[in-house]
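The values are calculated or read from the model by the stated rules, or taken from the named source; none is laboratory data. Source: prediction; values computed, not measured. Methodologically, a virtual Cβ is constructed for each residue, glycine included, from the backbone with ideal geometry; neighbour enumeration extends over all protein chains shown. Quick note on the areas: whole protein, heavy atoms, side chains included, nothing else; ligands and nucleic acids left out. Shrake-Rupley method; radii C 1.70, N 1.55, O 1.52, S 1.80 Å.
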Amino acid sequence: PRTQLDMGANFNFHIRSKYFRLGINFSGDGFGRWNNNQYHGGWIFRRIETERFNWATLAGISYSTGYDFVYAGHYNVTDPYENVGIYLESQYIRKILYDVGVGVSLFADINKRNQLIGLRADFYFSGCYRGPATGGGRRR
């Protein structure tokens, strides 16, 4: 196990009543020193949304490229990997306004060369503005 910085972005969308997510993660020893690039897509099979929070759980596939860890700051750049894997995530967002929030995600990307399991701080921005959040949200 090795602790690394992870940074990414996700885009949620729906087709009729089914919700999906496409995203990307970069992980590495520090900002700009990425040794793993991961792309994922999945079906949000469990979703609860209220005026105050969002909770979503998804499963899907991932595609990862990168280099195997050798020792601190060094990677095997002569043998890069490209693998398809399984992506799992559970995300909780607390809304500050209806369309803006902060939260946390627990995620896992499992493939044969590189397994990522992590906790990520999330910022949430939605295109579905409905005004200030109710029930404890901040009013302006």
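Looking at the stretch 1-49, which of its residues are open to solvent by 60 Å² or more (accessible area, probe 1.4 Å), outside any strand (DSSP E or B) and free of Cβ contacts under 8 Å to residues at least 12 places away in the same chain?
Selection gives PRO1, THR3, ARG16, SER17.
What residue, among those in the stretch 106-116 that are at pLDDT below 90 and surrounded by 14 or more Cβ atoms within 10 Å (Cβ to Cβ), is nearest to GLN4 (Cα to Cα)?
LEU116
When you go through (1) surrounded by 15 or more Cβ atoms within 10 Å (Cβ to Cβ); (2) modelled with pLDDT of 85 or more one by one for LEU119, which number turns out not to apply?
That leaves (1) as the condition not met.
Among the residues of the stretch 89-105, which ones are closer than 20 Å to GLN115 by Cα and open to solvent by 30 Å² or more (accessible area, probe 1.4 Å)? Please lay out each step first, then the result.
Filtering the stretch 89-105 down to residues closer than 20 Å to GLN115 by Cα leaves 89-91, 104-105.
Of everything in the stretch 89-105, those that are closer than 20 Å to GLN115 by Cα and open to solvent by 30 Å² or more (accessible area, probe 1.4 Å) turn out to be SER90, VAL104.
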